[in-house]
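The values are calculated or read from the model by the stated rules, or taken from the named source; none is laboratory data. Remember, predicted model here, so these are calculated numbers, not experimental data. Glycine also receives a Cβ, built like all others from the backbone with ideal geometry; neighbour counts cover every protein chain displayed. Areas reflect the complete protein model, heavy atoms only, side chains present, ligands, DNA and RNA absent. Shrake-Rupley method; radii C 1.70, N 1.55, O 1.52, S 1.80 Å.
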Amino acid sequence: MRTIAIVALIALVGAGAPVLPAVSFAQPAPGAPPNTQTAASLSPTDKAALLKKLQDAKQHDKDARKGWSQEPLTQATYDSKIAEINRLIDKLNKGEDFPLSDVDKAVASPGSAPY
């Protein structure tokens with residue numbers, strides 16, 4: 001009885017498995033120069049949009065810290081994210097250069113957050 005159930009399960013899974021689109025995890029060649037954009041390469045319009053994105057992320061994190069969790073670890077994670085966003089806003093306002101990958105890291109969802 002168990003063997004029949006296992007064979008039937010294998011047949012169902014094997015025959016009905018959907019075909020998933022291919023995903024490429026290609027890495028750049030070891031000798032290739034890194035493709036890093038910096039804040040200095042942005043136009044004034046793009047810098048304004050980046051500043052708005054950082055301010056929106058900061059407000060979102062403040063709201064999340066205030067209402068979503070009272071757990072100390074989660075609140076500390078939000079505090080560090082807000083501090084990092086403030087650092088990037090200051091650099092952008094002063095005209096200092098930094099990689100745009102720092103912005104992606106700063107606005108990304110923290111691992112301890114529920115969103």
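A few comments on the model shown:
- So Ala57, is it touching a residue at least 12 places away in the same chain (Cβ under 8 Å) and open to solvent by less than 30 Å² (accessible area, probe 1.4 Å): yes
- Candidate set from region 60-95 (those that are among the polar types (S, T, N, Q) and in a helix (DSSP H, G or I)); member that is most open to solvent (accessible area, probe 1.4 Å): Asn93
- Failed condition for Pro21, given (1) modelled with pLDDT under 75; (2) more than 19 Å from the chain's Cα centre (by Cα); (3) open to solvent by less than 90 Å² (accessible area, probe 1.4 Å): (3)
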